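Asker: To start, I am sharing the structure in question, which I have written as structure tokens.
The values are calculated or read from the model by the stated rules, or taken from the named source; none is laboratory data. Given the structure is predicted, the values throughout are model-derived calculations rather than measurements. Please note: Cβ atoms are built from the backbone with ideal geometry, for glycine as well, and neighbour counts cover all protein chains shown. Please note that ligands, DNA and RNA were not included when accessible areas were found on the heavy atoms of the full protein model with its side chains. Shrake-Rupley method; radii C 1.70, N 1.55, O 1.52, S 1.80 Å.
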Amino acid sequence: MQDILRQTALKYFKDENIASINFNNGRAIVTLQNTPENKELADKLKEELLNFDNIEKVNIIFTVAKSAPSLQAEPEMWNVKNVKKIYAVASGKGGVGKSTTAVNLALAIASLGKKVAIFDADIYGPSIPTMLGYENQPAISLDGKTFEPFEAYGMQSMSIGTLIDRDTPLIWRGSKACGAIEQLLTEVNWGEIDVMILDMPPGTGDIQITVSQRLKLDGAIIVSTPQDIALIDAVKGVNMFEKVGVPVLGVIENMSYYICPKCGNRDDIFGHAGARETAERLGVKFLGEIPLNYTIRSHADAGKPIVYADPTSEYAEAYIEIAKKLI
């Protein structure tokens, strides 16, 4: 079906202008890039696609790559409507459990009575749809211009992962990736939101700098494991946010320790208190420890994070205690 849809789209747009084509549950979404919006051609393509028996609805979406500004530039700010506070959850390197932390932290804040949204800005490795159980569900646009957020466990969510196939790599330069983030972030009908959590990509590159400069971030939360190799990059993350004027709210030590379920012994597999000591050295707050546990991982993979699946567990309580500090 994908090949047929692409061949149809090629009648109206060049191959290099077709960013992605998705088909799911009777809905076809054609995302175009680096081409002026052409309503006439879009309507013709939409009309032809609707002639297929198994296609019930079509959305044609135009995207434009935006240039990433330098540190010295005065960038135009992104306007995210109806969102009071935006917190970025970031890490200096991948593999430290940043996305799992972001999802459970968002759910913990929601459990304390706040209206919460989580936005998946980890554009090269979007995992929020899997963790919140809406993987393989297409994004919905009722007017062809804006998106409706996904509803998951009492909070709203959006991710680039809903516009691309799971196994399709995004081979995009920083400016194009930033353009996609801006469009998704600013063209979603969020409603009234108290706190938005941004699951940032790991590292300190173009995307992190652009998001920090063009979005009014109310703070950044750094996630790290206790091991030295992760803490080196965590320090870089703290320093980057400070350079672009974003307050660092604190550091979370993930995979902090392991409690054997059979004997109850504690094992500091990756070392212990490294993130706490690093936070103290940098003069930022230490927010708390999250243990290494199979249950946290398995619930995330199953699309039901631990804070939702088992809110009274000691693991959920760890996230909730951190959420209380943030609030």
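Asker: On each of the three principal axes of the Cα atoms of the stretch 81-214, give max minus min coordinate, whole Å, ordered largest first.
Answerer: 37, 35, 28 Å, listed from the longest principal axis down.
Asker: Another question, then. Express the relative contact order of the chain as a whole percentage, based on alpha carbon pairs under 8 Å and six or more residues apart in sequence.
Answerer: Rounded, it is 20 percent for the chain.
Asker: Counting Lys +1, Arg +1, Asp -1, Glu -1, what net charge surrounds residue 227 among other residues with beta carbon under 11 Å of its beta carbon?
Answerer: Result for the neighbourhood of residue 227: -3.
Asker: Oh, and also: Compute the Cα gyration tensor for the stretch 242-327, then decide on rounded, prolate or oblate, letting a ≥ b ≥ c be the square roots of its eigenvalues: rounded whenever a/c is under 1.5, prolate when a/b is larger than b/c in the other cases, and oblate in all that remain.
Answerer: It comes out oblate by the Cα gyration axes.
Asker: For the stretch 223-295 and the stretch 28-62, compute the distance between their C-alpha centroids and round to whole Å.
Answerer: Computed from Cα coordinates, the inter-centre distance equals 47 Å.
Asker: First compute the accessible area of the chain with a 1.4 Å probe, then give the percent of it belonging to carbon and sulfur atoms.
Answerer: Carbon-and-sulfur percentage of accessible area, whole number: 47.
Asker: If you don't mind, there's one more thing I want to ask. By its C-alpha gyration tensor, with a ≥ b ≥ c as the square roots of the eigenvalues, how is the stretch 157-204 shaped: rounded for a/c under 1.5, else prolate for a/b larger than b/c, else oblate?
Answerer: Verdict is prolate for the stretch 157-204.
Asker: Suppose a student asked you for the relative contact order of the stretch 105-224, using Cα pairs under 8 Å spaced at least 6 residues apart; what percent would you report?
Answerer: RCO, the stretch 105-224: 34 percent.
Asker: Counting only helical runs of four or more DSSP H residues, what would the 222 nm mean residue ellipticity of the chain come to if each run contributes -39,500 (n - 2.57) and the total is spread over all its residues?
Answerer: So the calculated ellipticity at 222 nm is -10000 deg cm²/dmol.
Asker: Would you mind telling me which residue in 294, 124, 257 has the biggest mean-square fluctuation in a Gaussian network model of the chain, where springs connect alpha carbons within a distance under 10 angstrom?
Answerer: 294
Asker: Share of Cα-Cα pairs in the chain beyond 35 Å, in percent?
Answerer: Cα-Cα pairs of the chain separated by over 35 Å account for 24 percent.
Asker: Also: Along each principal axis of its Cα atoms, how long is the stretch 1-154 end to end? Whole angstroms, biggest number first, please.
Answerer: Here the Cα extents, ordered largest to smallest, are 49, 40, 32 Å.
Asker: If you don't mind, there's one more thing I want to ask. For the stretch 98-163, what does the alpha-carbon gyration tensor say about shape, rounded, prolate or oblate, given a ≥ b ≥ c as the root eigenvalues, a/c under 1.5 as rounded, and a/b over b/c as prolate?
Answerer: Oblate.
Asker: Springs between alpha-carbon atoms under 10 Å, Gaussian network over the chain: tell me which of 14, 93, 57 tops the mean-square fluctuations.
Answerer: Result for the chain, Cα springs under 10 Å: 14 fluctuates most.
Asker: Given the options 115, 84, 11, which has the most mean-square fluctuation in a GNM of the chain, springs set between C-alpha atoms less than 10 angstrom apart?
Answerer: 11
Asker: Per residue, how much accessible surface does the chain expose to a 1.4 Å probe? Answer in Å², no decimals.
Answerer: 46 Å²
Asker: Sticking with the crude label model, points 7 Å out along Cα→Cβ, report the distance from residue 146 to residue 262 in nm, one decimal please.
Answerer: Spacing of the two 7 Å Cα→Cβ label points: 5.6 nm.
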